[in-house]
Structures are given as C-alpha cells and as structure tokens.
Amino acid sequence: MSALLKVEGLRVEIARRGRVMTAIDDVSFEIAAGEILGVVGESGAGKSVTGTAVLGLLERPAFQAAGRILFDGRRIDTLDEDAMRALRGREIAAVFQDPLTSLDPLMTIGDQLTETIRTHLDLTQAEAVERAARLLAEVGIPAPRERLASYPHEMSGGMRQRVVLALAFSCEPRLIIADEPTTALDVSIQAQILDLLRAMCRERGTAVMLVTHDMGVIAEVADRVAVMYAGRLVEVGPTQSLLAEAAHPYTRGLMGSIPDMHRRDVELAQIPGSMPRPDAPVPGCAFHPRCGQALPRCAVERPLTFTAGASEVACWLADPAARSAA
Amino acid sequence: MSLIALRHALGGFWESDLAYRFRRSPVAILAALVGLALLVAAMGAPVLAPYDAFDPAAANAADARLPPASEGMFGDYYTLGTDPQGRDMLSAMLYGLRTSLVVGLASVAAAALAGVLLGLMAGYFGGVLDAFIMRAADVQLSFPAILIALLIDGVARTAMPAALHAELAVPILIAAIAASFWVQYARTVRGLVLVERGRDYVLAAKVTGVSTPRILLSHILPNVLGPVLVIATINLALAILTESTLSFLGVGLPSTQPSLGSLVRIGNEFVFSGDWWISALPGLLLVLLSLSVNIFGDWLRDALNPKLAS
Amino acid sequence: MSFVLGRLGQTVLVLLVAAFVSFSLFRYVGDPVNNMVGQSASLAEREAMRTALGLDDAFVLQFARFVGNALTGDFGMSYRFGQPVATLIAERFPATLELALISMLIATGVGVPLGVWTALHRDHWLSQALMAASLIGVALPTFLIGIALILFFSVWLGWLPSFGRGQVVEIGGWSTGLLTTSGLRALVLPAVTLGVFQLALILRLARAEMLEVMRADFIRFARARGLKPRAIQYRHALRNTLVPVVTMIGLQFGNVFAFSIIVETVFQWPGLGLLVIQAIQFADVPLLAAYLVLIALCFAVINLAVDLAYVAIDPRVRSGGGVRGTV
C-alpha cells in the first residue's frame, strides 16, 4: 500500500532575535490510507509543530527549513497558500486540543458547519444545512436539527469536541491531524471522544495523525506509533510490538509512565532529568544525558536509524555492528 | 492587560530581556534621551535660565511680545522672544517645564502610593473593606480623570478664599490629579495580591508567625512593583497633560506660577494677532515632553508584555 | 435579563453618589444664603432665607428634597446668571451633544477601519506610519491641537471660522447647527480637535484587539478548516474584535463630554463645557451641582446603552452569562 502522507527529512526552525533554533530535526515518517499513527512525546518534543507543518500552518517565527511533505504522492509543502487552503478542511482536516476555544463564540455551530461545507463542496445552503444536521447526528449530538442554532457556549466541553469532530469530518477528508484531541476533556469523556474518532475513521477509511503525550491513548487507538524526543524521531513501529518490546531507552521510559490504562493524567516523570530545549541543543543523541545505558559515542555522534524487530529506532544500542562487537 | 501578562512582567522585570529590547529599539532610546534631557533642563532651570521667570522686576513691559531672536529696549537678548508681560520666553519655558514635571511626578507618586496602599488593603483583608474600596473605584472609573481633577480643583477654589487657594495651588493641583488616577493602581495591585496571597511563601510566612503588615511589605510589595512602574510611566504622561490642560483652562496654576499649560493660555489670546510664538513654543515643548514619556511608556508596556512581542 | 437588572442597580447607585456629592457641594461649599441675598442683608433676612430654603431641616430631609427637586429638573438659580440652572443647561446641551456626536462619528468611522487594516497589514510601511501617528495623536494635548488648527486654518489660511457655532436652526426647542453651511463650517475644527485623541485611541485599540483575536484558537481552527482569508478576517476576527471595541467606544463617549470642556474653551463653543468652566471660575455652585448630576446621568445612559449593545452582539451575554469582552 502506498503512503497517503509521506514526510521526508522535515526540519523546522525558529528564528528569534537573529538566532536560529531547530524545533524539528530530520523527521521522516509515513501514514498509509486509513491508518492511525500515534505521535507521542513530552510537551515541547515537536509533535504539534510536525502536525502544524503538515497542515501548512506554520507561522513566523517558525518555518520549514528542509524536507518534503507529500500527500497522495503530491508535494504539498511547496503549494501556494490558496492551493493549500483548498486542501485544508477538504482533504486534510484538523482537531485541536481545546474544544472550548476552537469554535467562534459569536457564531452558531450550524453556521460554522455550513460555512466549512460550502467553502469546499458545491452545495446549496439547504443541502449544507441538511449535511450539517446529519453530521451532528453522526457525532452523537441529540436533537441535531435544533442544535444547529446553538452557540458554542451553550454546550458542554464534550459536546463541543463532538462539534469539532463534525467539522473535521464535514467534507470527508482523507487525513485528520488530531492534536491532543482529548487532553482538555474530563477523563470520563475522553474515552467516548476517542471511541467516536476511531469509529468514524474506521468507517470511512480516514487516516489520522494522532498527536498526544498520553501513552494510554496511543495504546487504545493507534495502529503504529512514532515517538518523538527533542524534535527528533527516536522510534517508529507497530503499536503492539512497540508496547511489548520497545527498542529505544526513552520509549521504555515512556512505557513506565502508564501504570494504569484508566488513569491518564500521569505525566512522563519516570525518567529523571528533563528534555533539552531547542535553544540549548545537546550534541550526539539528545537523550544521552538522561539515558541509563548511554555509550561514550552517544555524547558525540548522532545515532543512525536501525531496524530492531518490527521497529525503526535511532539509537546506538541497536547498532548491529556494536552488538556483534560486544 | 491581562493578569498573566502583568505577572509575567513583574517576574521578568529586571531580566536581560528588557535591556536587550531597549538596545534594539532606537525609538525607545531616543525617547529616553529626550526625556532625560528635558528632566535635566527642568531641574537646572534656575541655573540655565537667562532671566528669573518669577521675578516681576526681571520682566520689562516695554519688551512685551517680541518675536524670537529679538533685542530688547535695554539691550537684553531674547532667544525665543517675550510674552505679553515682557518676560523672556526661554526662561519662562524652562521654569514652566520644571513646574509641569514636578506636578506630574508628584501627582503620579501620590496616586501610586495611595492606589498601592488601598489595593494592598483591599486584596489582603478582603471583606467589607475590599467591597467598599472597589465599589468606590468602580464609581470613579465611570468618570473621566480630567473631569474629576477639574471638579476637585473647582471645589477647592469655591471652598477656599482666593488668596489661600493661590498659595496652595500646587499641592491642590497635585492632590486633584492624584485623586483621579489612583484607581488603576488599586485594581492592579489588588488583583496581584489576590494571586500572591495564595502562594506558598505567603502561607509559609503566616505559619511561621510573621505579622500581617510585615508580610504585606516585605513579601507582596516587591512583587507588585513591576506592573506599578509600568502604569506609573504611562500615567506620568497623562498627569503632565492633565496639569497643562487644567492650567490652560485657568483652573490649575495661576499665571504667576508659569507651567507649560498656563504659558499656552497666556499666548492663546495673541494667536489671532499673529504672535504665534507665545503659545506655540511652550506648546511644542509640552508636546516633546508628552511624546517622549508616552513613547517610552508605550515601549515599556510592550516590552514587558510577551503577548504583543513578535 | 438579570444582567441588565444588575446593571440598572449599579447605575442607580452611581447616580445617588453623584447626587450626594452634588448636594454636599451645594449645601456646604460656600454659604447658599450669602450667595442669594448678598453680603448686605440683615441677620433677620438671612434667618428668613434659611428657613425658606429649609436649611435648618434634618440632613436626610434636605437631601431627599434635593433629589426630589432634581428629579423634576429643578436645580435652583445660577448665582452668576440669575437664571434657573435647568434653563441654562437646556439651552447649552444641544451644542455639546452635536459636537460630541460628530467627533465620535469621525473617530469611529476612521479609527476602526484603520485599526483593523493596520492589524492585517502589520509590516506595511503605511501601517507603521499610522501607528506612529496614532501614538502622537494620543500624546498631543487637546487644547494644543485646537490652537494649532486655529492658527493654520483660521489665522493663516482663513478657510474656517475659529469660534462660535455659526448659524443655528431651532427645531422643536433643539437648536442645531447641522442644517446651515455656516453651522457646519463652524463645526469642522472643534469636531476634529475633539476627535483626534479618540481616533488615535480607537485605532490602537481596534488594532490590538484584532491582533489578539487573530491569535485565538478559533481563528487557527478556522484556518485549519480551509476557510478563505476574507471569511476568517471579516466574518470571524472582525466580529469578535468589535465586541470589546464597541464597549470602549461607548465608554469613551463620557470622555468626549469631559474633553468638550477643553474644546469649547478653545473655540468659544457655546455648550455645556464653556458653561461649567465659567461655573468653576465664578464658584457658581448650583450650576456645578447640576452639571455633576447631569454628567452622571449621561454616563449612566451611555453605560446602559453599551450593555444593551453587548446583549445584541454577544450571545454569551444574552443567555445571562455576563461575560465582558475577552479581557
């Protein structure tokens, strides 16, 4: 199966006060059609920036410095703003973290839905309203037709995130960038929204890039996992095998931080130390100062990517040459 | 301005961030330099001024309303001309600048002091006192500052004999302006105190038996100084404008005590006869002063508000 | 509607405070008897006057009487003009209101579009020039703007009149200068003078709010939905910007009344401002007291109008939330 989304050697830099910092460094991954890729890492690891870059929404002072982004075989990072805009919401949709602030407070949700639909699809207002009502019903909002006239503040956080999902699915996109879609919600509602997202994607064959800091969420819905650390990809592999047997020491540390699938509020505190900031980069492997198994070369040489079981891992410990030498 | 921004401001106030931004902003440097030069000129007025603007004997009625760069009847040279009483404009302006700055600075200081104290009390003690102070602030805030200053000055004028009022003109003016500006400090400080009050260090100080006024003074006060300084800078420009406006309207300082506003007022009558310099020159000086303080204050607020930075 | 009722309560409170200050002024600043009968009156005459005015009654009773009279528009006689205060104010009010309305119209009509434009074109040279100009506009004292305009347009160029209202037309007791050429010409300089500061302020606020809104999550989400830039800027960003801007413009209206005192002094505009400056200079206490109450009433009406505008614009307030702006 050929990849729906292909990111190659992506590098995002932030220019501030004449200094250039690297937020994303040489990140490459693929998402197949209908596949759910979980992108996991601590906050500041560059997960959201990656998602933003795919959407073409990077804003000054951040910019794409290198790499290519291909959607359906077509290069999209070089598209002009108007062509990219036509793609956004139509082919690539987004769900953001906070449903309370994602919707325009002064506009009814019906208007926000029909506005999105009519921007991308050639429908009459009546047809768009019809479609909007159907979408609301589909995301599980009771009395959808009446709800079209509601303002966002009249709905709960969970309901609003359902509206956001309806907006994301409104033009049947092929890829959804979901940036921490459940983080801002009550724990009891998180699972519902996650189930809804998964069900709708499976039904339509929509691919998802699911950005989260929560390993529990990943374990529940992702087909494959990409682990990011300090702007780099450290490990990519199928969820099952990665959960069972992580190759990268950092991924193993992350595993330690999901003691219970039903308590997702646990942060990645199991690993001592903290991630280097973009303005203070670490030579060699960015993780070596926190790594219990660091080799001398880890502090000097940036690790190459090796195959370890079903995963790809950027770690010198996985170097076959080093293994055979030891 | 949001509370978070203000809190950020106080935290990062002395960090090199500010110094960096200052070095990178020619406009801010220029404004600061001009402001500083005006301050020096004002404070050095008795030394710098060629004539004593307060001494009626130094004015010569025969030299009235001479244009800039004129020579008087008795060989006096007037760089910037003379006013209707034959006073040297340059001297009058230097003294006027001094009065304007003194009144501005003093009223800002008084307003900040009163506002900070009331805000600290309201925020720390809460309850009825808080409700009373904040209600008063609400009511006052619905009136423009200039109107309040005008009315306070007007009432003082009505309540006092004319001679006494003339004698007390400066302190009354300072009080009137201060009374119209305290609200902003009180509100800001109260908000900050409410945030700081719940912090560990204040609780810790309480647990260890430190007395309430000491907590207020030694723990909370230093943390609220940053935002207060920003408000004070912006208010300084407003206070100077308020003083000159009141003096222009003839309800601020008497004409025997030249301020930039009262000098403009004196000259205003002669604008129609073409003697523009009498009001235009002190007016320009006032604009220069107001602009430099305003620009600096504007820069300071932006520099301390990370949300607006780009 | 509880929101509006709460606002009404606060309005009444403000009015009562104003009435109280105004009454105290009237009753205790200077001696009302002295001012009415003159220094030469005998002791008996004074006593008779005191009793007639009810000055010996209990404080509460006097205050109640003051409020009662004020409600019927009776503020007594002006010391200086010897006419009923209400009449004087009624004569002068239209001039000030017209001046304030026109200048606010100029300030809003120019300030909001320019503010929005500068926010959307931050790096354009014109945008930076406008920001610099607006900073100067905020820093310039109103009276100097007036004098400078008179110097240029009246004294040197001779294009526009520098004082008075020109010819006015009486329509049902309202004297308007908007219907004659000379009235309109006379209005230009004062209205511009009064409007400059407001224009600069509105421009800066509209720009700041627009920038703030453009950073909001829902704008980012709107971009992610692929909406066209025009739709994002005008349908979403501008509407959200207008909520706080409308509030500020409404509240600034009070400031315009206060600053009209300055403009009326510079241009000898026969409005309330000129009247109140004279009242202050001549210790005309009844006039001052009435002005205070009137201005409080104006502010109350403005605040109420702003709140109602809010209810119309912002659905969050409509449902009783009482959210004020985004701040």
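Here B:Thr158 meets the list (1) within 14 Å of chain C (Cβ to nearest Cβ); (2) touching a residue at least 40 places away in the same chain (Cβ under 8 Å) almost entirely, failing just condition (2).
Within region C:136-147, at least one residue is touching a Gly at 6+ places or on another chain (Cβ under 7 Å), in a helix (DSSP H, G or I), under 21 Å from C:Leu187 (Cα atoms) and modelled with pLDDT of 85 or more.
Scan region B:248-284 residue by residue and report those that are polar (S, T, N, Q) and free of Cβ contacts under 8 Å to residues at least 24 places away in the same chain. B:Ser255, B:Asn268, B:Ser273, B:Ser279 - these are the residues of region B:248-284 that are polar (S, T, N, Q) and free of Cβ contacts under 8 Å to residues at least 24 places away in the same chain. Total residues in region B:224-249 satisfying the condition of being at pLDDT below 80 and over 17 Å from B:Ala114 (Cα atoms): the figure is 0.
Taken over region B:257-280, the criterion of being more than 15 Å from B:Thr99 (Cβ to Cβ) and more than 8 Å from chain C (Cβ to nearest Cβ) is satisfied by B:Gly267, B:Glu269, B:Phe270, B:Ser273, B:Asp275, B:Trp277, B:Ile278. Residues in region A:25-44 that are buried (at least 21 other Cβ atoms within 10 Å of the Cβ) and part of a strand (DSSP E or B): 8 in all. Scanning region B:281-297 for residues being closer than 16 Å to B:Met93 by Cβ and at the interface with another protein chain (Cβ under 7 Å from one of its Cβ atoms) gives a total of 4.
One line per residue, one yes/no per condition, for (1) in the same structural domain as C:Ile202 (by TED's automatic domain parsing); (2) closer than 25 Å to C:Val169 by Cβ:
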residue	(1), (2)
C:Phe59	no, no
C:Ala64	no, no
C:Arg92	yes, yes
C:Met104	yes, yes
C:Gly109	yes, yes
C:Trp117	yes, no
C:Ile145	yes, no
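Being surrounded by 23 or more Cβ atoms within 10 Å (Cβ to Cβ) and either at pLDDT 75 or above or within 14 Å of chain C (Cβ to nearest Cβ) (or both) holds for only one residue in B:Ile177, B:Ile172, B:Ile148, B:Ile152, and it is B:Ile177. Output the residues belonging to region C:274-295 that are more than 7 Å from chain B (Cβ to nearest Cβ) and at pLDDT below 80. Those that are more than 7 Å from chain B (Cβ to nearest Cβ) and at pLDDT below 80: C:Phe282, C:Asp284. Every condition in (1) touching a helix residue (DSSP H, G or I) at 6+ places or on another chain (Cβ under 7 Å); (2) modelled with pLDDT under 85; (3) among the aliphatic types (A, V, I, L, M); (4) closer than 27 Å to C:Ala191 by Cα holds for C:Val317 except the one numbered (4).
Test A:Thr183 against the criterion of being within 14 Å of chain C (Cβ to nearest Cβ), touching an Asp or Glu at 6+ places or on another chain (Cβ under 8 Å), surrounded by fewer than 21 Cβ atoms within 10 Å (Cβ to Cβ) and β-branched (Val, Ile, Thr), and give yes or no. The answer is yes for A:Thr183. For region C:128-155, the set of residues classified as surrounded by fewer than 17 Cβ atoms within 10 Å (Cβ to Cβ) and either of a type in the set (Gly, Ala, Ser) or more than 9 Å from chain B (Cβ to nearest Cβ) (or both) consists of C:Gln128, C:Ala129, C:Ala132, C:Ala133, C:Phe152, listed by residue number.
Selection over region A:223-235 of residues that are buried (at least 24 other Cβ atoms within 10 Å of the Cβ) and over 22 Å from A:Val282 (Cα atoms) gives a count of 1. In a residue-by-residue description of region C:104-112, the property of being aliphatic (A, V, I, L, M) and outside any helix (DSSP H, G or I) applies to no position.
Candidates are the residues of region A:111-132 that are over 11 Å from A:Cys171 (Cβ atoms) and buried (at least 21 other Cβ atoms within 10 Å of the Cβ); the one that is nearest to the other protein chains (Cβ to nearest Cβ) is A:Glu115.
If the condition is being loosely packed, with under 15 Cβ neighbours inside 10 Å and either at pLDDT 65 or above or among the hydroxyl-bearing types (Ser, Thr, Tyr) (or both), then region C:21-40 contributes C:Tyr28, C:Ser40. Going through (1) touching a helix residue (DSSP H, G or I) at 6+ places or on another chain (Cβ under 7 Å); (2) in contact (Cβ under 8 Å) with a residue 40 or more places away in the chain; (3) more than 12 Å from chain C (Cβ to nearest Cβ) one by one, B:Leu129 falls short only on (2). Residues of region B:107-136 that are within 22 Å of B:Gly252 (Cβ to Cβ) and surrounded by fewer than 19 Cβ atoms within 10 Å (Cβ to Cβ): B:Ala109, B:Leu113, B:Ala114.
When region A:269-312 is filtered for residues that are of a type in the set (Val, Ile, Thr) and in contact with a Phe, Trp or Tyr (Cβ under 6 Å, 6 or more places away or on another chain), nothing remains. If the condition is being hydrophobic (A, V, I, L, M, F, W, C) and more than 16 Å from the chain's Cα centre (by Cα), then region A:77-113 contributes A:Leu79, A:Ala83, A:Met84, A:Ala86, A:Leu87, A:Leu100, A:Leu103, A:Leu106, A:Met107, A:Ile109, A:Leu113.
When C:Val192, C:Val266, C:Val245 are checked against the criterion of being at pLDDT 85 or above, within 9 Å of another protein chain (Cβ to nearest Cβ) and touching a helix residue (DSSP H, G or I) at 6+ places or on another chain (Cβ under 9 Å), C:Val266 stands alone in meeting it. Residue count for region A:133-153 under the criterion of being surrounded by 16 or more Cβ atoms within 10 Å (Cβ to Cβ) and among the acidic types (Asp, Glu): the result is 1.
Scanning region C:212-232 for residues that are under 37 Å from the mean Cα position of the chain (by Cα), buried (at least 19 other Cβ atoms within 10 Å of the Cβ) and facing chain A (nearest Cβ under 7 Å) yields a single hit, C:Phe218.
For region A:89-99, the condition of being closer than 23 Å to A:Val211 by Cα, touching a helix residue (DSSP H, G or I) at 6+ places or on another chain (Cβ under 6 Å), surrounded by 20 or more Cβ atoms within 10 Å (Cβ to Cβ) and more than 8 Å from chain C (Cβ to nearest Cβ) holds for at least one residue.
The values are calculated or read from the model by the stated rules, or taken from the named source; none is laboratory data. None of the values given here were measured: they were computed from a predicted structure. Don't worry about glycine lacking a Cβ; one is built from the backbone with ideal geometry, like all the others, and counts go over all protein chains shown.
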